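J.: Have a look at this one.
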Amino acid sequence: MTKVLLIYLVSSFLALNQASLISRCDLAQVLQLEDLDGFEGYSLSDWLCLAFVESKFNISKINENADGSFDYGLFQINGHYWCNDYKSHSENLCHVDCQDLLNPNLLAGIHCAKRIVSGARGMNNWVEWRLHCSGRPLSYWLTGCQLG
């Protein structure tokens, strides 16, 4: 129940403020509640670094790539492979509409990111994570966050 309440409160806060950004520590709490700490060997700091380098914690970010495909949400999940954006043929490997990845409750994006990370390449699917997070000390991402 606490997990649902926290996610509800965070999404309500974002909706009330019409904000698309989530704070680092609020995101850390949600990721922890969704059991991402240690998921497939990645720490909460890895996930926070990924979200920052991909979207700067912007839940509603949409980016057009050079190939004409689009990336969506906090983790910048690609519409050609992972979600259906109804713009072109999509593999839709996460079985989700790309617009759902922009939802302030974060669950669709988290579940899809977990599916991506569960594959053979893990977080290496994200170029920005490879360039800016992989193999680096990342514990500072949790500095000041009160996690249970």
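J.: Look at S90 and say whether it is over 17 Å from the mean Cα position of the chain (by Cα) and either hydroxyl-bearing (S, T, Y) or at pLDDT below 95 (or both). Steps first, please.
T.: Numbers: over 17 Å from the mean Cα position of the chain (by Cα): yes; either hydroxyl-bearing (S, T, Y) or at pLDDT below 95 (or both): yes.
Answer is yes for this residue.
J.: Can you spot a residue in region 51-71 that is part of a helix (DSSP H, G or I) and among the aliphatic types (A, V, I, L, M)? Give the steps one after another, and end with the answer.
T.: Taking region 51-71 and keeping what is part of a helix (DSSP H, G or I), we get 51-55.
Narrowing the set further to residues that are among the aliphatic types (A, V, I, L, M) leaves 51, 53.
Yes, that holds for at least one residue.
J.: Quickly run through region 1-34 and pick out the residues that are surrounded by 14 or more Cβ atoms within 10 Å (Cβ to Cβ) and modelled with pLDDT under 95.
T.: Passing the criteria: L6, I7, V10, S11, F13, L14, A19, S20.
J.: Looking at (1) surrounded by fewer than 19 Cβ atoms within 10 Å (Cβ to Cβ); (2) polar (S, T, N, Q); (3) closer than 19 Å to A28 by Cβ, which is the only condition S88 fails?
T.: (3)
J.: Limited to region 94-126, what total is found for residues that are free of Cβ contacts under 8 Å to residues at least 12 places away in the same chain and farther than 19 Å from S45 by Cβ?
T.: Here is the first cut: in region 94-126, the ones free of Cβ contacts under 8 Å to residues at least 12 places away in the same chain are 95, 119-121, 124-125.
Restricting the remaining residues to those that are farther than 19 Å from S45 by Cβ gives 95, 119-121.
Number of matching residues: 4.
J.: Is it fair to say L74 is aliphatic (A, V, I, L, M), in a loop (DSSP other than H, G, I, E, B), open to solvent by 40 Å² or more (accessible area, probe 1.4 Å) and at pLDDT 95 or above?
T.: Values: aliphatic (A, V, I, L, M): yes; in a loop (DSSP other than H, G, I, E, B): yes; open to solvent by 40 Å² or more (accessible area, probe 1.4 Å): no; at pLDDT 95 or above: yes.
Taking the combined requirement at face value, the residue does not satisfy it.
J.: Just one of the numbered conditions (1) in contact with a His (Cβ under 6 Å, 6 or more places away or on another chain); (2) of a type in the set (G, A, S); (3) open to solvent by 20 Å² or more (accessible area, probe 1.4 Å) is not true of S69; which one?
T.: If we test S69 against (1) in contact with a His (Cβ under 6 Å, 6 or more places away or on another chain); (2) of a type in the set (G, A, S); (3) open to solvent by 20 Å² or more (accessible area, probe 1.4 Å), just (3) comes out false.
J.: On the basis of being buried (at least 17 other Cβ atoms within 10 Å of the Cβ), of a type in the set (D, E, K, R) and outside any helix (DSSP H, G or I), does D37 make the cut?
T.: Details: buried (at least 17 other Cβ atoms within 10 Å of the Cβ): yes; of a type in the set (D, E, K, R): yes; outside any helix (DSSP H, G or I): yes.
When the stated conditions are applied, D37 passes them.
J.: If you don't mind, there's one more thing I want to ask. So which residues in region 70-100 are within 19 Å of C49 (Cβ to Cβ) and either charged (D, E, K, R) or in contact with a Phe, Trp or Tyr (Cβ under 6 Å, 6 or more places away or on another chain) (or both)?
T.: Selection gives D71 alone.
J.: Let me ask another. Step by step: first the residues of region 103-137, then only those that are among the aliphatic types (A, V, I, L, M) and crowded, with 19+ Cβ neighbours inside 10 Å, then the one that is farthest from C25 (Cα to Cα). Which residue is that? Quick ask: steps written out before the conclusion?
T.: Taking region 103-137 first, the residues among the aliphatic types (A, V, I, L, M) are 106-108, 110, 113, 116-117, 120, 123, 127, 131.
Next cut, crowded, with 19+ Cβ neighbours inside 10 Å only: 106, 108, 110, 113, 116-117, 123.
On the way: L106: 14, A108: 19, I110: 16, A113: 19, I116: 23, V117: 22, M123: 21 Å.
So, considering only residues that are among the aliphatic types (A, V, I, L, M) and crowded, with 19+ Cβ neighbours inside 10 Å, the one farthest from C25 (Cα to Cα) is I116.
J.: Would you please name the residue that is least open to solvent (accessible area, probe 1.4 Å), looking only at residues in region 40-63 that are small (G, A, S) and more than 19 Å from C98 (Cα to Cα)?
T.: Step one: of region 40-63, the residues small (G, A, S) are 41, 43, 45, 51, 55, 60.
Adding the requirement that they be more than 19 Å from C98 (Cα to Cα) leaves 41, 43, 45.
Numbers: G41: 68, S43: 44, S45: 7 Å².
Ranking the candidates gives S45 first.
The values are calculated or read from the model by the stated rules, or taken from the named source; none is laboratory data. These numbers come from a predicted model, not from an experiment. We place every Cβ from the backbone using ideal geometry, glycine too, and count neighbours over all the protein chains shown. Accessible surface areas use protein heavy atoms only, side chains included; no ligands, DNA or RNA. Shrake-Rupley method; radii C 1.70, N 1.55, O 1.52, S 1.80 Å.
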